[in-house]
Amino acid sequence: MTVKFQSENFEVGNILENFSIKNCESGSIISFLGKVRKYSGKNKIKSMDIEFYEKMADYQTKLALDQLLKEFKIQDFLIIHRYGNLKPGENIILIIVASEHRKDGLEFIQKILIFFKKKITFWKKENFKEFSKWVREQD
């Protein structure tokens, strides 16, 4: 059960394969990959800056996971969330969950994504050719 905050991009295929091998007795391995969009509305994104306060993000993530692990039967998980300057098409977040049944894994992913969007302190700024703007909370 691992959470990583990192600036470096990651290769999804190898990570997913290794996680699946590690959890070969689980009935379900479910993943979600969030990426930087090419457009925000009609504006083409040049890059996105993601900033966070690591100690606060660690604390908020621990609180969220403590609650969710009481609610869902999860055997293992891996969460990687990037920060720094990211380009369109680059990975932002990867969540992989191992569970006995898919229902718990799917609901866990949905809930942890909501926590990352609404409760965990990240600041995102979209940079366009002519201007930049801070991203407000979205679904």
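Would you check if there is a residue in the stretch 72-79 being among the aliphatic types (A, V, I, L, M), at pLDDT 95 or above and open to solvent by less than 10 Å² (accessible area, probe 1.4 Å)? Taking every residue of the stretch 72-79 in turn, at least one turns out to be among the aliphatic types (A, V, I, L, M), at pLDDT 95 or above and open to solvent by less than 10 Å² (accessible area, probe 1.4 Å). For residues that are open to solvent by 60 Å² or more (accessible area, probe 1.4 Å) and in contact with a strand residue (DSSP E or B) (Cβ under 9 Å, 6 or more places away or on another chain), scanning just the stretch 111-129, find the one that is farthest from Ser20 (Cα to Cα). Among them, the one singled out is Lys129. The set of residues in the stretch 1-21 that are in a helix (DSSP H, G or I) and surrounded by 14 or more Cβ atoms within 10 Å (Cβ to Cβ) comprises Val12, Ile15, Leu16, Phe19, Ser20. Only one of these is under 21 Å from Ile15 (Cβ atoms), more than 16 Å from the chain's Cα centre (by Cα) and of a type in the set (S, T, N, Q): Gln110, Gln75. Name it. Among Gln110, Gln75, only Gln75 is under 21 Å from Ile15 (Cβ atoms), more than 16 Å from the chain's Cα centre (by Cα) and of a type in the set (S, T, N, Q). Considering only residues that are more than 30 Å from Asp76 (Cα to Cα) and not aliphatic (A, V, I, L, M), which ones fall in the stretch 17-48? Residues satisfying the conditions are Lys38, Tyr39, Ser40, Gly41, Lys42, Asn43, Lys44, Lys46, Ser47. Within the stretch 44-90, being in contact with a strand residue (DSSP E or B) (Cβ under 6 Å, 6 or more places away or on another chain), of a type in the set (S, T, N, Q) and more than 16 Å from Ser20 (Cβ to Cβ) holds for Ser47, Thr61, Asn85. Look at (1) within 29 Å of Lys133 (Cα to Cα); (2) open to solvent by less than 90 Å² (accessible area, probe 1.4 Å); (3) out of contact with any Gly (no Cβ under 6 Å at 6 or more places or on another chain); (4) not charged (D, E, K, R) and you find that Ile93 fails only one, number (3).
Being modelled with pLDDT of 95 or more and of a type outside the set (S, T, N, Q) holds for only one residue in Tyr59, Tyr83, and it is Tyr83.
The values are calculated or read from the model by the stated rules, or taken from the named source; none is laboratory data. Bear in mind the structure is a predicted one, so any value in this text is a computation, not a measurement. As a convention, Cβ positions derive from the backbone with ideal geometry for all residues, glycine included, and neighbour counts pool all protein chains shown. The accessibility values were calculated without ligands, DNA or RNA, using every heavy atom of the protein model including side chains. Shrake-Rupley method; radii C 1.70, N 1.55, O 1.52, S 1.80 Å.
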